[in-house]
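Have a look at the structure below before the remarks.
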Amino acid sequence: MLEVLMATTVLTVGLTALAQLFAISTRANFSARVTTMASILAQQKMEQLRGLTWGYDPVGLPMSDLATDLTSASEAATGGKGLTPSPPDSLKKNIDGYCDFLDRYGSALGGGHAPPDGTAYVRRWSIEPLPINPDNTLVLQVLVTRPHDRGADPTTNTRRLPDEARIITVKARKAQ
């Protein structure tokens, strides 16, 4: 009888540990899935930004796309901000023309200030002229986050929080 009681106790302790491990692995898998999706969505927006015209025409005059709307489900040639420099806090809050909302499958729900129903991800981007060469070089940043407030902490503008993706690159003018 004592042996059965000891075996039952050992089995119960082992199953409890396995149940906790299962819960931890489930949370880790969900977090990894959210971060992976955020990374894919950030890369998509970065490719969109890098694909906009920022170069020189055949005569040598600068050409810049300052009108493409990147917030709609299908990219529109007019009605948007294009590569116009963004406000300084565009990565921290929703600013029309510099953010869009996506559902859990990554489908665009449009832009604006407030996320519509069904928003799973908020994608924000920043376009800043490089201080040492502002006429020819831009710093592009894309942040994909869940629809929550990043808070008032000034470091949250530069720090990546859990389940987020952030990509930074530089775009320089080049001859067409």
Within the stretch 70-82, can one find any residue that is hydrophobic (A, V, I, L, M, F, W, C) and in contact (Cβ under 8 Å) with a residue 60 or more places away in the chain?
no
Within the stretch 38-59, identify whether any single residue is among the hydroxyl-bearing types (Ser, Thr, Tyr), farther than 19 Å from Leu109 by Cβ, part of a helix (DSSP H, G or I) and modelled with pLDDT of 90 or more, and answer yes or no.
yes
Within the stretch 52-67, identify whether any single residue is within 22 Å of Ala165 (Cα to Cα) and surrounded by 15 or more Cβ atoms within 10 Å (Cβ to Cβ), and answer yes or no.
yes
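Okay, residues lined up against (1) surrounded by 10 or more Cβ atoms within 10 Å (Cβ to Cβ); (2) free of Cβ contacts under 8 Å to residues at least 12 places away in the same chain; (3) basic (Lys, Arg); (4) closer than 30 Å to Pro162 by Cβ:
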| position | (1), (2), (3), (4) |
| --- | --- |
| Leu2 | no, yes, no, no |
| Leu21 | yes, yes, no, yes |
| Ile40 | yes, no, no, yes |
| Met46 | yes, no, no, yes |
| Leu49 | yes, no, no, yes |
| Tyr98 | yes, no, no, yes |
When you check Leu21 against the structure, is it part of a helix (DSSP H, G or I) and either on the phi > 0 side of the Ramachandran plot or in contact with a strand residue (DSSP E or B) (Cβ under 8 Å, 6 or more places away or on another chain) (or both), yes or no?
no
Could you name every one of the strands (runs of 3 or more DSSP E) located completely within the stretch 69-136 that has at least 2 residues being touching a Lys or Arg at 6+ places or on another chain (Cβ under 6 Å) and at pLDDT below 90?
none
Within the bounds of the stretch 164-174, is there any residue that is over 13 Å from the mean Cα position of the chain (by Cα) and at pLDDT below 90?
yes
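The values are calculated or read from the model by the stated rules, or taken from the named source; none is laboratory data. The model shown is predicted, which means the values in this text are computed figures rather than measured ones. Neighbour counts run over all protein chains shown; Cβ positions are idealised from the backbone, glycine included.
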